[in-house]
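Q: Below is a structure I'd like to ask you about.
Taken together, the values in this text are just the output of simple stated rules run on the coordinates, not laboratory data. The structure presented is a predicted model; accordingly, all values stated were derived computationally and were not measured. Cβ: placed from backbone, ideal geometry, glycine included. Neighbour counts: every protein chain shown.
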């Protein structure tokens, strides 16, 4: 009976530790076949001033540069010297980010500083052969659900979150060993500590457990993080091969692999394996459902192990997808943390900037405005823009997880960094105001200048999309606007005052 009490260490041992022949064989099995990603020789991953042939001199991919007032760039479809050669381009931008497509013929840049490859764009991977039907990877959920507990490791460079109430163990702190020892098995605690003290054990991150003391066994789910430093850059196909090999190296009386799929999660290349763990031969009377996700970030492969019981796996799958969706690598460190300051430039959503509502503030005179864009891709084409605006005064912008990138010409702050007014404002300068945060619902009065009009709009959100305008007008003379309690925000182009 004593063995049945230590289900946490048994599951963790089967799939995560070298001593049990688990997935930590990844490093050893991958080294003989490690090769660089196609066309990403280090000499080709930076671009200086000039015109370069795509695919021959520079690889396709997403590039970033310092930029500046004199910066100009063009994606080229040819070299005939006519305007038809330009696919997209821009001038005078700070920190431009551009996606050069494999079909582009060339790329021209001037006075932008050195462009650096942020992410390669390779040809589509072949359909994995280990699963008969291809299913889509879980939809990325980059933002942390309200009330969840954040987990982070500066040492290993990652963060994620689990629901509130889960027990969280930093595997390098000795917490899990103390917990197991308190349950009456010091030998198991010593065995765990021996592994954690080994070189391989230093790659273990966190373990989080959802307890249910009325169930047998007394937990519903667990999540673990393990890392594998890699000496060479590797492709997704190679990640898939060594993850498959590592899983298959486990005693198959325990583990049955059902699928193994290539995808992208949170803008990181990923491999996700789904399987079952049959523990009947180990004197346990239950089976486990296992989701193993390998996420590739520079020179590190992060392994997320999510376990629940087979009989509740279907109902737990949305929770598993959410936990995986909160994972973020801090290698390289994000340029802007969710609660930080966003400087002028272009930022990849989920990597450089997190989905959230951001606040900006400019003047209200002629030329005092902030231009920004929400982008669905980085091709530089006009139809890449999901929403944009020349905002004046106080304004808000909501960035969604589905956005590819965000560009701003002025400084913004995460809304949590900007305190709400101590009391609702009643005399408003031109700008945008959130109802119940900045202002109260009610009746507002304005006066348009002689011979001119004043634009206003009531909004359902801060996405900047035309369809989200509840009502608007170019008012002339003396006018009134009734702000409803259900409105998200209102924007005025002229000063107004609350009259009731």
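Q: How large is Rg/Rh for region 324-468, to two decimals, with Cα atoms and a Kirkwood Rh?
A: On the way: Rg = 16.6 Å, Rh = 16.7 Å.
Taking Rg over the Kirkwood Rh, I get 0.99.
Q: Quick check: residue separation of residue 264 and residue 154 times 0.36 nm, minus the Cα distance between them. What number comes out in nm? Could you put the intermediate results ahead of the total?
A: Values: separation 110, 0.36 × 110 = 39.60 nm, distance 2.33 nm.
Difference between extended and current length: 37.3 nm.
Q: Within a 10 angstrom radius of the beta carbon, how do 351, 434 rank from fewest other beta carbons to most?
A: Numbers: 351 22, 434 19.
Fewest-to-most Cβ neighbours within 10 Å comes out as 434, 351.
Q: Rounded to the nearest Å, what's the spacing between the alpha carbon centres of region 420-479 and region 184-202? Just the number, please.
A: 62
Q: Using only the alpha carbon atoms of region 42-120, find the Kirkwood hydrodynamic radius as the inverse mean reciprocal pair distance, in angstroms to one decimal. The partial results should precede the final answer.
A: Values: mean 1/r = 0.0819 Å⁻¹.
Result for region 42-120, one decimal place: 12.2 Å.
Q: Arrange the following residues from fewest to most other Cβ atoms within 10 Å of their Cβ: 80, 329. Spell out each step's value before the answer.
A: Working: 80 9, 329 22.
Listing 80, 329 from fewest to most nearby Cβ atoms yields 80, 329.
Q: Next question. Please rank 341, 118, fewest neighbouring Cβ atoms within 10 Å first, as an exposure proxy. Let's see the in-between values first.
A: Details: 341 12, 118 18.
So the ranking, lowest neighbour count to highest, is 341, 118.
Q: Go ahead and run the numbers for FRET between residue 469 and residue 105, Cβ-Cβ distance against an R0 of 41 Å, rounding to 0.05. Show your work: numbers first, answer last.
A: Details: r = 41 Å, r/R0 = 1.00.
E(calc), rounded to 0.05, equals 0.50.
Q: Between residue 276 and residue 427, how many nm apart are label points set 7 Å from Cα along the C-beta direction?
A: Roughly 7.2 nm, to one decimal.
Q: Roughly what would the spin-label model give for residue 443 and residue 91, points 7 Å off Cα along C-beta, in nm?
A: Calculated label separation equals 5.2 nm.
Q: Also, quick follow-up: Please compute the length gained on full extension between residue 194 and residue 311, using 0.36 nm multiplied by the number of residues separating them and subtracting their Cα-Cα distance. Mind showing how you got there, number by number?
A: Working: separation 117, 0.36 × 117 = 42.12 nm, distance 3.34 nm.
Contour length minus Cα-Cα distance gives 38.8 nm.
Q: In addition: Extending each Cα 7 Å along its Cβ direction at residue 486 and residue 179, get the distance between those two points in nm, one decimal.
A: 4.6
Q: Moving on to the next point. First measure r as the distance between the Cβ atoms of residue 51 and residue 383, then evaluate 1/(1 + (r/R0)^6) with R0 = 22 Å and state the FRET efficiency to the nearest 0.05.
A: Details: r = 25 Å, r/R0 = 1.15.
It comes out at approximately 0.30.
Q: Another one. What are the extents of the Cα atoms of region 444-500 along their three principal axes, in Å, largest first?
A: Over region 444-500, Cα extents along the principal axes are 32, 25, 13 Å.
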